[in-house]
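This report concerns only the one structure given below.
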Amino acid sequence: MQPTQTLPPGYQSSGIFDLKSRKILIGLNVVGILLVLFFLWFFGLIASLLRTDLGDGSFEFSGISETFGVLGGLIASIAFVLVLHEAVHGAFFWIFTRHKPIFGFKGLYAYAAMPGWYIPRNQYLVIGIAPFILLSLLGVALIPFIPLKFIWFLLIALVMNASGAVGDLAVVFWLLTKPSTTMALDQADSIELFCI
């Protein structure tokens, strides 16, 4: 099956993952907080195994300018990983459709989407999980090589990418319960599935 802008005959809606739903947003935020805690532990453990020079993990600030520098670095790390995460989604949308996806922000989340395109389940699984896997692997690969003064920014970026993928992971798990012939329609703030 290939992505298409026309829903094939015989397909009917089999559910919608609506990010405008308050219930879904609350659930994602609760799970996201738990994922932050888990990935702090997980990536911290990996870093401690790959780096012997981490010390006890504490921060020391020698002044107000250094404190603002660290805060700026954290904000920049989070913004960078957010943009990179959506760019990976967008790259895979383009690989499968050969059309430019849309990007944007709605409230507190960013998105890449392909409105008007019905994408086969297995391709949408790749689109959904790619940033979580690729950026996590890239970040872990950088841990042994990045200068120590930047390691905390990398770890924060890893945690934010992985825990911020909570919506992607929810959709991926939902898709795995559907037949391989399922088609996904991503409208930025909702994903609707269609089955025969």
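General observations
- Looking only at residues in the range 146-196 that are touching an Asp or Glu at 6+ places or on another chain (Cβ under 9 Å) and of a type in the set (Gly, Ala, Ser), the one that is nearest to Leu35 (Cα to Cα) is Ser190.
- Going through (1) in a helix (DSSP H, G or I); (2) in contact (Cβ under 8 Å) with a residue 40 or more places away in the chain one by one, Gly104 falls short only on (1).
- Flag for Ile191 being touching a His at 6+ places or on another chain (Cβ under 7 Å), under 22 Å from Asp18 (Cα atoms), modelled with pLDDT of 95 or more and not aromatic (Phe, Trp, Tyr): no
- Count of the range 178-196 residues which are part of a loop (DSSP other than H, G, I, E, B), of a type in the set (A, V, I, L, M, F, W, C) and surrounded by 16 or more Cβ atoms within 10 Å (Cβ to Cβ): 1
- Some residue of the range 156-177 being over 17 Å from the mean Cα position of the chain (by Cα), without any contact (Cβ under 8 Å) to a residue 60 or more places away in the chain and either under 19 Å from Asn122 (Cβ atoms) or not in a loop (DSSP other than H, G, I, E, B) (or both): yes
- Cβ-Cβ distances below 9 Å connect the following pairs, each with a first residue in the range 52-69 that is closer than 18 Å to Ile143 by Cβ and modelled with pLDDT of 70 or more, a second residue that is β-branched (Val, Ile, Thr) and surrounded by 10 or more Cβ atoms within 10 Å (Cβ to Cβ), and a separation of six or more residues or different chains: Asp53/Ile151; Leu54/Ile151.
- In the range 77-90, the residues that are closer than 9 Å to Asn161 by Cβ form Cβ pairs under 9 Å with partners that are acidic (Asp, Glu), at six or more places apart or across chains, as follows: His85/Asp168.
- Residues that are free of Cβ contacts under 8 Å to residues at least 12 places away in the same chain, within 30 Å of Ile191 (Cα to Cα) and either surrounded by fewer than 15 Cβ atoms within 10 Å (Cβ to Cβ) or under 17 Å from the mean Cα position of the chain (by Cα) (or both) occur at least once in the range 2-21.
- Options Phe132, Phe92; residue that is touching an Asp or Glu at 6+ places or on another chain (Cβ under 7 Å), buried (at least 16 other Cβ atoms within 10 Å of the Cβ), under 22 Å from Leu19 (Cα atoms) and not charged (D, E, K, R): Phe132
- Members of the range 108-124 that are assigned to a loop (DSSP other than H, G, I, E, B) and buried (at least 16 other Cβ atoms within 10 Å of the Cβ): Met114, Trp117
- Ala184 under 16 Å from Arg121 (Cα atoms) and aliphatic (A, V, I, L, M): yes
- Val83 closer than 30 Å to Arg22 by Cβ, surrounded by fewer than 15 Cβ atoms within 10 Å (Cβ to Cβ), within 14 Å of the chain's Cα centre (by Cα) and aliphatic (A, V, I, L, M): yes
- Residue that is modelled with the lowest pLDDT, among those in the range 2-26 that are over 13 Å from Val171 (Cβ atoms) and in a helix (DSSP H, G or I): Leu25
- Yes/no for Ile127 being in a helix (DSSP H, G or I), free of Cβ contacts under 8 Å to residues at least 12 places away in the same chain and under 22 Å from Leu176 (Cα atoms): no
The values are calculated or read from the model by the stated rules, or taken from the named source; none is laboratory data. Remember, it's a predicted structure, so these values are computed and weren't measured experimentally. Neighbour counts run over all protein chains shown; Cβ positions are idealised from the backbone, glycine included.
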